[in-house]
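The values are calculated or read from the model by the stated rules, or taken from the named source; none is laboratory data. The shown structure was predicted, so the numbers you read here are calculated from the model rather than taken from an experiment. Please note: Cβ atoms are built from the backbone with ideal geometry, for glycine as well, and neighbour counts cover all protein chains shown. We work out accessible area using only protein heavy atoms, side chains counted, and drop any ligands, DNA or RNA first. Shrake-Rupley method; radii C 1.70, N 1.55, O 1.52, S 1.80 Å.
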Amino acid sequence: MNAGMGTPGCYADFQVLIVLRCAGLQFVTLLNVFALAWAQADRPLTFEVASIKPAPASAQETEWGPEPGGRFSARDVTLKQLIAMAYGVQEYQISGGPKWMNRDRWSIEAKAAGFPGRFNRAQILPAMKALLADRFQLRAHLRTKNVPVYALVQSKSGPKLEAPAAQSSTMSFGRGFVSGTSVGMDLLARTLSMALERPVVNQTGLNGEYAVKLKWAPETATGNSIQEGPAEPADPDSGLASIFTVIQSELGLRLKAKRGPADFVEVLDARRPSN
């Protein structure tokens, strides 16, 4: 899956996010859904009908994504997760807002009238912003700041990437691991950004998709930790090295600490939907 927004009339991508909560850990699976961007993609996508209800207390997983017929469904999601999706940022890039924004969970069923297929990433962003402004009365500012980031680049010895393991593209990550069958570098950068809680920018120059499987010492995946070269295993008992070391040894890539622009969302106000 590529980070590009997609072009009308071409195959484009969209992320479905599934969070499985078990044993106090969060395991996140990112599934690529490839679909045709129909001729209607030339028109701005808006949700004509949307049902938003509190998620049942028994809900065990978070899931969202597009469905055929111009539909969008989300289950057990927080407003903060929806804002992250609508603005194309990670949750750590969102500040302000009421406390319930990160606590209350919702189920959403929405439909775009006259749209026969699944919409792509370019189409969902403005539609979600409009939905959140209308139903959650969300007021937010998107600001670009010059902050510490990581550039994902090729190592001096060159990449060591394997061909895709399958035609379908899946991507999963959790505490101390990343695994994917057919992964573009933009998607890998976004996933590493979640693990490191620091923006990661793809500067590899690689346009293909590859099989990716990484496992590292979880405590080393922090945006406050800066490493750029091989290091001793971070956990001598397990033999697991840092995320920085594993990316270089397994993929022939490296994370280069630098400063660069990144988007941040400041939530000014939000209200629980009335129905």
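Some points to look at:
- Failed condition for residue 132, given (1) of a type in the set (A, V, I, L, M, F, W, C); (2) part of a strand (DSSP E or B); (3) at pLDDT 95 or above: (2)
- For the range 94-126, the set of residues classified as in a helix (DSSP H, G or I) and within 29 Å of residue 57 (Cβ to Cβ) consists of 99, 100, 101, 102, 124, listed by residue number.
- Pairs, first within 12 Å of residue 185 (Cα to Cα) in the range 144-160, second among the aromatic types (Phe, Trp, Tyr) and open to solvent by less than 20 Å² (accessible area, probe 1.4 Å), C-beta under 8 Å, six or more apart: none
- Members of the range 123-148 found to be of a type in the set (A, V, I, L, M) and either surrounded by fewer than 21 Cβ atoms within 10 Å (Cβ to Cβ) or over 30 Å from residue 206 (Cα atoms) (or both), listed by number: 125, 127, 128, 130, 131, 132, 133, 138, 140, 142, 147
- Filter pass, residue 137 being under 16 Å from residue 193 (Cβ atoms) and either under 19 Å from the mean Cα position of the chain (by Cα) or not in a strand (DSSP E or B) (or both): no
- Residue match in the range 191-205 (condition: within 20 Å of residue 256 (Cα to Cα) and exposed (fewer than 14 other Cβ atoms within 10 Å of the Cβ)): yes
- Among residues of the range 91-122, those that are at pLDDT below 90, over 21 Å from residue 51 (Cβ atoms) and open to solvent by 20 Å² or more (accessible area, probe 1.4 Å), counted: 2
- Tally of residues being open to solvent by 10 Å² or more (accessible area, probe 1.4 Å) and over 16 Å from residue 124 (Cβ atoms) across the range 77-90: 2
- Residues (assigned to a strand (DSSP E or B) and of a type in the set (S, T, N, Q)) located in the range 72-93: 73, 78
- In the range 247-266, the residues that are open to solvent by 30 Å² or more (accessible area, probe 1.4 Å) and part of a helix (DSSP H, G or I): 248, 249, 250
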